[in-house]
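So the structure is just underneath, and the comments pick up after that.
Rule-based calculations on the coordinates, nothing more; no lab input. If you're wondering where the values come from, they're calculated on a predicted model, not measured in any experiment. Cβ: placed from backbone, ideal geometry, glycine included. Neighbour counts: every protein chain shown.
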Amino acid sequence: MTQQYKYTPKDFKSDQEVRWCPGCGDYGILNSVQKALASLPYPKENYAVISGIGCSSRFPYYMNTYGFHSIHGRAAAIASGVKTANPELKVIQISGDGDALAIGGNHFIHTIRRNIDITMIVFNNEIYGLTKGQYSPTSKLGKQTKTSPEGTIEKPFRVAELALGARARFFARSLDINIKLSSSIITEAIEHKSTAVIEILQNCVIFNDKTHRAFYDKENKLNNFIILEDGKRMIFGKNHDRGLRLDDNGFIEVVEIGKNGITEEDILIHDVANPNPMIHWQLADMAYPEYPVALGIIRKVEDKTYSEELEKLINAKKEKSSFKSVEDVLTSGETWEVE
Amino acid sequence: MEKVIKVLEKDHIVIRFSGDSGDGMQLTGTQFAATSALFGNDISTFPDYPAEIRAPQGTIGGVSGFQLHIGQKTVYTPGDFADVLVAMNPAALRANLKTVAKNAVIIVNKDAFTAKNIEKAGYTENPLENGSLEQYKVISVPISSLTKEALSEFDIDAKTIDRSKNMFALGLTYWLFEKELTHTDSFLDKKFKKKGNIAAINKKVLRAGYNYGEATHVTANHYVIAPAKIKKGTYRTITGNEATAWGLMAATEKANLPLFCGSYPITPATDILQYLAAYKELGIKTFQAEDEIAGICTAIGASFAGNLAVTTTSGPGLALKTEAAGLAVMTELPLVIIDVQRGGPSTGLPTKTEQSDLLQAIHGRNGESPLIVMAASTPTNCFDYAYYAAKLTLEHMTPVILLTDGFIANGAEPWRIPSMDVIPEIKPRIASLDKEYQPYQRDEKTLAREWAFPGMKGLEHRIGGLEKENITGHVSHSPLNHQIMSDLRKEKVERVADSIPDQKIYGKDNAETLIVGWGGTFGHLLTAVEQLVDEGHDVALAQFNYIHPLPKNTKELFKDRKNILVCELNQGQFLEYLRGQFPHVDFKQYNKLQGLPFTVKEIKEAILNLK
């Protein structure tokens, strides 16, 4: 039986001084994680927060849990080892866009493919912050940085496409400043048995300020994004008068309710558990200004996890095998006595 | 008139089975080895196969060989030169003639000496007919057609017939050495239990080969090697890679910690991962990672989570693991890294042996990054050193690199199975739940920190690759602290010397000439030294298993020698390391870099050439 633990977010704050730049989006994400963990029924010592390298990867030092600040790009691999070694643990991986998708791209896709039950939070600020402002694999095409003075000629990755391409069972997106949304997503991600990928659009106040703000500015924000909720119609806009539906070719289009005979009934209902990822893929791909940016949980399907399968194999072999100890193995097969 | 077979008693003999890589020579060789071992001979074996799974048939590049040395005394190597060569085609003959002894018996499959195969092997004329083999005793047998004839009663295809011809060669060799067929019979019964009449087919051909020898008396001599006088106990044969895997398994049981192995397949280390994957019932978890880096990183994660963690690899893989190995040094987590060395650099010679990763193991990380480096020296002691690698890493909280090599990893020997009761205890440094925990608080004697892992209540802490403050483990950029921590990490590894045995000398302690080797060259160096001692020379051997730190008596051993010759399968890496440690000692060197082990002959010559 799960024991109930009464925590407040404060219980998850370490005694270390937080050293991100004033105004950094990471503060909001730290608060969101601490809030999420306080709402969950697991003992503090069962959390392991694993990060790579980058501004965001300082994260474990600020959490009063077990933490491991590792090396660049390898957080997913280390987190995979932690979870496989002890499936009882709740493992949270913290990586930036460079850490997860450039140097760590291989581990990112393979961890998802294996469905290792960890929560992967990707802080996407579309820039290398710790090295002081070079373009990253998610920087917008043409982005001028110190290493792309004329603007980048590289097409960016979309986190969702990589994740879904690796068959992610859980993908969600949030924004650093939306602590309520982030913490509810993180809570669900930890509870969901799968590699749960959360892309948090994070603002680097120094090197890429307001890169996500175009769709989130105060004036128009409600028209520029949609918070998806399972089982609800995909309606958004200041006046709740816009929605998403599939056109005749099966592509998502934005429509106005009340115009051209369109009613609420025509609007798509979000189904996070749809095994077919095609609508999830389209939702995740929606880019401002053509489309509203999709926030919330986009995909959440059930599947067996790596550890569940491995433990099953181990238990099955334990039952079947005549080897109960190493000595049984050493003396098995062909042996002979020398008198 | 019936010829009389003369039985020659031999001390030891070297046999090499050789054929196309699809000819089943590895199986033939291992069967002969097992039969000899069961009879009580001491054995040492070495498979030699091409990097390609199916190299072009009939070519030199596609030749696969299996050499074994059987003796009535301890044999330490698979032997330099073959006394008996079985060559299943012209390419196998041509590829092996250089390493065949004068007057050797050569058994060839005459049917394979077709014009096409002769040309493919690079001969201009049939070597069986041009007198070029006069110095050998050639037994030319139409093995393919005799195999076909033997199987006339079976309704089977040509491919199945062809695939069983190795059993004919094995049967004939059994006859030559007066060996029993019983072991191979029961092996075939077991292996092909569910494969219809395949076992019966192979047994039939095995007998056809044996009976052919009996009926035709193909040679005038039989060779008999009496059982060796070996220590009482239960024995089995074991390869180095198997022994490595089992040593780790023994350690996990003794330490009472689950074993986690994160690895990426790489020749010649893959076997270790495969052996471990086969024993899930002992709670062993193997993780076939997406690359070498993920192999070591998953292992580091498992170590952080409280498992006995291992990663296995070969040279190129060790290069890829470099940065993560440094993380294990910095976080002072237990981790065993096993490098089965092969020819380098780059992809190099994947299936051939070499000792050229030594300096990579000692120094190959950024920053001052000391860890324990040790090396196994025989197939069977891979068990011991894998065990001690785990013991040292768990008790001293520092990663260990264990070096083996392609030669001992694939080689096999009889192994006296140790009782788990007599294997020393392992006491991991796990933190206590009822004491205040500081991640970098150290043991006074060993300087090892304590290990607390997720799930342990109240011991929550953070570690990582950034320099940490002494004792508390908080991130620290303080100049003085970095000096203190660097010195502590160095001192901690140096103090491991207190936990390892003194370096042993084989031969007279004060011999004027000391041969120095390390790792897998042991068998060849010891055989050379023993033979020279028998011949009246004043020479001894120090074969190192503990490289970093060195055993405490090392400096003493180098005192007052006329000559110290460091022999290695590289261009002088241990020599360079020793010169750094003992700058006033005059070391000489003997090196070889051909992807092959030393031969006893060349070592003896090198020693005799010393002035």
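For the pair residue B:586 and residue B:491, the difference between a 0.36 nm per residue extended length and the Cα-Cα distance amounts to 31.5 nm.
Sequence-distant contacts, meaning Cα pairs under 8 Å at least 6 residues apart, place the relative contact order of chain B at 12 percent.
Residues B:16, A:19, B:489, arranged from fewest to most other Cβ atoms within 10 angstrom of their Cβ, appear as A:19, B:489, B:16.
With 5 Å bins beginning at zero, the pair-distance distribution over Cα atoms of segment A:29-168 amounts to 2, 11, 20, 21, 19, 14, 8, 4, 2, 1, 0 %. Report note on the peptides A:183-189, B:423-429: ranked by the mean count of other C-beta atoms within 10 Å, highest first, their order is A:183-189, B:423-429.
The separation of segment A:181-224 from segment B:329-395, counted between C-alpha centres, amounts to 45 Å. For segment B:6-225, the antiparallel share of DSSP beta bridges with both residues in that region comes to about 45%. Distances between placed amide hydrogens fall under 5 Å for residue A:232 paired with A:270, all partners being 5 or more residues away or on another chain.
I need the shape label for segment A:155-306. Rule: rounded when a/c is under 1.5, else prolate if a/b > b/c, else oblate, with a, b, c from the alpha carbon gyration tensor. Taking the square roots of the gyration eigenvalues as a ≥ b ≥ c, segment A:155-306 is oblate. Distance from the C-alpha centroid of segment B:557-581 to that of segment A:11-27: 54 Å, rounded to the whole angstrom. Taking max minus min of the alpha-carbon positions on each principal axis, segment B:237-422 gives extents of 42, 36, 27 Å, largest first.
Annotation: amide H-H contacts under 5 Å for residue A:93 (H modelled 1.01 Å from N, sequence separation of 5 or more, or interchain): A:50, A:119, A:120, A:121. Past the 24 Å Cα-Cα mark, which pairs from B:492/B:562; B:285/B:445; A:324/B:427? In this structure, B:492/B:562; B:285/B:445 exceed 24 Å between Cα atoms.
Rounded to the nearest 20, the size of the Cβ-charge dipole of chain B about its Cα centre is 640 debye, with Lys and Arg at +1 and Asp and Glu at -1.
For segment A:142-202, the C-alpha radius of gyration divided by 2.2 N^0.38 Å, with N the number of residues, is 1.44. Report the far tail of the P(r) of chain B, meaning the percent of Cα-Cα pairs longer than 45 Å. Looking at chain B, the distances longer than 45 Å represent 24 percent of pairs.
Among B:485, B:374, A:120, the ranking by other beta carbons within 10 Å of each residue's beta carbon, starting with the fewest, stands as B:485, B:374, A:120.
Inter-label distance, residue B:482 to residue A:218: 4.5 nm, where each label sits 7 Å from its Cα along the C-beta direction. P(r) tail for segment B:63-107, what percent of Cα pairs lie past 18 Å? I get 27 percent for the Cα pairs in segment B:63-107 exceeding 18 Å. Compute the angle between helix B:479-494 and the longest alpha-carbon principal axis of chain B, please, reported from 0 to 90 degrees and rounded to the nearest 10. Tilt relative to chain B: about 40 degrees.
In the frame of its principal axes, the protein assembly as shown has Cα extents of 114, 71, 59 Å, reported largest first. Under the classification rounded if a/c is under 1.5, otherwise prolate if a/b is larger than b/c and oblate if not, where does segment B:6-225 fall, given a ≥ b ≥ c as square roots of the Cα gyration tensor eigenvalues? Rounded, because the longest to shortest axis ratio a/c is under 1.5.
Summarising the strand pairing of the protein assembly as shown, around 35 percent of its internal DSSP beta bridges are antiparallel. Between amide H atoms placed 1.01 Å from N, distances below 5 Å from residue A:13 occur with A:64, all of them 5 or more places distant or on a separate chain.
For segment B:461-475, the Karplus equation 6.51 cos²θ - 1.76 cosθ + 1.60, evaluated at θ = phi - 60°, returns couplings of 7, 10, 10, x, x, 6, 4, 10, 5, 3, 6, 6, x, 6, 4 Hz by residue, with Gly and Pro reported as x. In loop segments of segment B:76-178 as defined by DSSP, the GluC sites (Glu not before Pro) with at most 16 further C-beta atoms inside 10 Å of their C-beta are B:125, B:129, B:134, B:153, B:178. For segment B:1-85, the C-alpha radius of gyration divided by 2.2 N^0.38 Å, with N the number of residues, is 1.24. Extension gain, residue B:134-residue B:602: 0.36 nm per intervening residue step, less the Cα-Cα distance, totals 165.9 nm. Here A:153, A:235 are placed in order of increasing Cβ neighbour count within 10 Å, fewest first, which gives A:153, A:235.
The angle between the Cα long axis of helix B:198-216 and the main principal axis of chain B comes to about 60°, on a 0 to 90 degree scale. Run the Debye formula on the Cα coordinates of segment B:513-608, all scatterers equal and no solvent, and tell me log10 I(q)/I(0) at q = 0.12, 0.25 1/Å. Here log10 of I(q) over I(0) equals -0.34, -1.50.
Ellipticity at 222 nm from helices only: DSSP H runs of n ≥ 4 in the protein assembly as shown, each -39500 (n - 2.57), divided by the residue count, give -9500 deg cm²/dmol. Model label points for residue B:114 and residue B:232, set 7 angstrom from Cα along the Cα-to-Cβ axis, are 5.8 nm apart.
Antiparallel beta bridges, as assigned by DSSP with both residues in segment B:237-422, represent about 15 percent of the total such bridges.
Kirkwood radius for segment B:439-595, taken over all pairs of different Cα atoms as the inverse mean of 1/r, rounds to 18.6 Å.
Please label the shape of chain A as rounded, prolate or oblate, based on the square roots a ≥ b ≥ c of the eigenvalues of the alpha-carbon gyration tensor (a/c under 1.5 means rounded; beyond that, a/b larger than b/c means prolate, else oblate). Taking the square roots of the gyration eigenvalues as a ≥ b ≥ c, chain A is prolate.
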